[in-house]
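The values are calculated or read from the model by the stated rules, or taken from the named source; none is laboratory data. This is a predicted model, so every value here is computed, not measured. Every residue, glycine as well, gets a Cβ built from its backbone with ideal geometry; the counts of neighbours run over all protein chains shown.
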């Protein structure tokens, strides 16, 4: 089997998480400067077999798209052109940032470390991926 790569897209930074080859365990991969994201994904997919990109879909409580969806849709167009052989699936990402922050508190990180937005993005991508794996 191949890996699933989850993307928590942001206009400045993007958190990434990935499964093992058996698609059992979700692990944080890294956080990438969004301007470098496509190049990072091209490089990663040239070295690792990726079955699917899982991309968060931000929504408001009333199920309408969040303001950041406009940026994500532009990114999806570029991703689909640049890496067209890997399918893309969208998943609801409501509350993942709050869950990531709570995870940091629960794991005992001090206040300074909890302010690391890159770590929050990576944990958010991991939560998106874990929730998808649980739903399978």
Checklist entry - Which of (1) out of contact with any helix residue (DSSP H, G or I) (no Cβ under 9 Å at 6 or more places or on another chain); (2) surrounded by 13 or more Cβ atoms within 10 Å (Cβ to Cβ) does residue 22 not meet, given it meets every other one? => result (2)
Item to check | Selection status of residue 29, under 11 Å from the mean Cα position of the chain (by Cα), crowded, with 18+ Cβ neighbours inside 10 Å and at pLDDT 95 or above | outcome: yes
Next on the checklist: Six or more apart or on different chains, Cβ atoms under 7 Å: show the pairs whose first residue is in segment 23-37 and at negative phi and assigned to a helix (DSSP H, G or I) and whose second is buried (at least 20 other Cβ atoms within 10 Å of the Cβ) and modelled with pLDDT of 95 or more.
Outcome noted: 34/14; 37/14
Next on the checklist: Please verify whether residue 88 is modelled with pLDDT of 95 or more and more than 13 Å from the chain's Cα centre (by Cα), treating the condition exactly as stated.
Outcome noted: no
Checklist entry - Based on what the data block shows, is residue 11 modelled with pLDDT under 95, closer than 23 Å to residue 117 by Cβ and not in a helix (DSSP H, G or I)? => result yes
Checklist entry - Looking only at residues in segment 91-116 that are in contact with a strand residue (DSSP E or B) (Cβ under 9 Å, 6 or more places away or on another chain) and surrounded by 15 or more Cβ atoms within 10 Å (Cβ to Cβ), which one is modelled with the highest pLDDT? => result 91
Next on the checklist: Residues that are at pLDDT 70 or above and part of a strand (DSSP E or B): does segment 68-76 have at least one?
Outcome noted: no
Checklist entry - Counting only residues that are surrounded by 24 or more Cβ atoms within 10 Å (Cβ to Cβ) and touching a strand residue (DSSP E or B) at 6+ places or on another chain (Cβ under 6 Å), which one in segment 1-15 is farthest from residue 44 (Cα to Cα)? => result 8
